[in-house]
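Enquirer: This is the structure I want to talk about, given as structure tokens.
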Amino acid sequence: MSARRGLCLLLPLGLLAAVAGCRQDMHDQPRYEPLQESDFFGDQRSARPLVEGTVARGHLDDDEQLYTGMVDGDPAPTFPFEVTAEVLARGRERFEIFCTPCHGRTGWGDGMVVRRGFKRPPSFHEERLRNEPPGYFFGVITQGFGAMSSYAAQVPVRDRWAIIAYLRALQLSQHATLEDVPPEARAKLLEAAP
């Protein structure tokens, strides 16, 4: 009987040992090290390419004009959203932070770094730049141009458009005529003139 009792005690212990030996936790599972070779896939790579059309969460940049400044391969002739007083205020704030060191507060290219010996940027009031579409400026801010480096990492997309809206307001302020002033404000302006 003692052999039978011993067998009865050993059997559960044996089953427990067998089950414990098969245990697999999440922290201890089969996996590949980064860029490790694999026999499973035909190309021998364990790192799989992304499925075509995959978009990282929060990065669906499906508005071509908003995110590239282009429309059908050309610089966008218009803004991708309505330009409001809030957009202009934000543009002015961002312009004064990022643009005035080189371009100056009014866009003439006479910023503080120019006064300290850096290369003078072109004036935003030159005829050539006054005639460029908004998408052109978006491209310059995003990719850089000449001595100007890219500001894509510092200035978010919507702020770039806000800066361009404020830039257009600056350009208009330096080249406006009396006909550009609304009729109700024109009378006040004429009364205030000497």
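Enquirer: So which residues in the range 129-171 are within 11 Å of the chain's Cα centre (by Cα) and not aliphatic (A, V, I, L, M), if there are any at all?
Expert: 142, 151, 154, 156, 158, 159, 160
Enquirer: A further question follows. Of all residues in the range 86-131, which are surrounded by fewer than 16 Cβ atoms within 10 Å (Cβ to Cβ), touching a residue at least 12 places away in the same chain (Cβ under 8 Å), basic (Lys, Arg) and outside any loop (DSSP other than H, G, I, E, B)?
Expert: 130
Table: residues versus (1) modelled with pLDDT of 95 or more; (2) of a type in the set (Ser, Thr, Tyr); (3) under 23 Å from residue 61 (Cα atoms).
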| position | (1), (2), (3) |
| --- | --- |
| 90 | yes, no, yes |
| 94 | yes, no, yes |
| 117 | no, no, no |
| 126 | yes, no, no |
| 130 | yes, no, no |
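Enquirer: Then there is this: Could you list all residues from the range 143-153 that are hydroxyl-bearing (Ser, Thr, Tyr) and either buried (at least 19 other Cβ atoms within 10 Å of the Cβ) or out of contact with any Ser or Thr (no Cβ under 7 Å at 6 or more places or on another chain) (or both)? Break it down stepwise before answering.
Expert: From the range 143-153, those hydroxyl-bearing (Ser, Thr, Tyr) are 149-151; that's our starting set.
Those that are hydroxyl-bearing (Ser, Thr, Tyr) and either buried (at least 19 other Cβ atoms within 10 Å of the Cβ) or out of contact with any Ser or Thr (no Cβ under 7 Å at 6 or more places or on another chain) (or both): 149, 151.
Enquirer: Given the residues 142, 177, 100, which is the only one that is modelled with pLDDT of 95 or more, more than 27 Å from residue 72 (Cα to Cα) and of a type in the set (Val, Ile, Thr)?
Expert: 100
Enquirer: Looking at residue 147, is it touching a residue at least 24 places away in the same chain (Cβ under 8 Å) and over 22 Å from residue 93 (Cβ atoms)?
Expert: Working: touching a residue at least 24 places away in the same chain (Cβ under 8 Å): yes; over 22 Å from residue 93 (Cβ atoms): yes.
The answer is yes for residue 147.
Enquirer: Further, regarding this structure: State which residue pairs qualify: first residue more than 26 Å from residue 123 (Cβ to Cβ) and in a helix (DSSP H, G or I) and inside the range 174-192, second residue at pLDDT below 85 and not aromatic (Phe, Trp, Tyr) in any location, beta carbons under 7 Å apart, and separation of 6 or more residues or different chains.
Expert: Cβ pairs passing all conditions: 186/178.
Enquirer: Where residues in the range 52-85 are among the charged types (D, E, K, R) and either at positive phi or assigned to a helix (DSSP H, G or I) (or both), which of them is surrounded by the most Cβ atoms within 10 Å (Cβ to Cβ)? Even if it seems obvious, please write down each step before you answer.
Expert: Pass one, the range 52-85, residues among the charged types (D, E, K, R): 52, 57, 61-64, 72, 74, 82.
After this cut, where a residue has to be either at positive phi or assigned to a helix (DSSP H, G or I) (or both) as well, the list is 64, 72.
Details: 64: 14, 72: 7.
Among those residues, the one meeting the criterion is 64.
The values are calculated or read from the model by the stated rules, or taken from the named source; none is laboratory data. It should be emphasised that the depicted structure is a prediction, and the values quoted were computed from it without experimental measurement. Glycine gets a Cβ as well: all are built from the backbone with ideal geometry, and neighbour counts include every protein chain shown.
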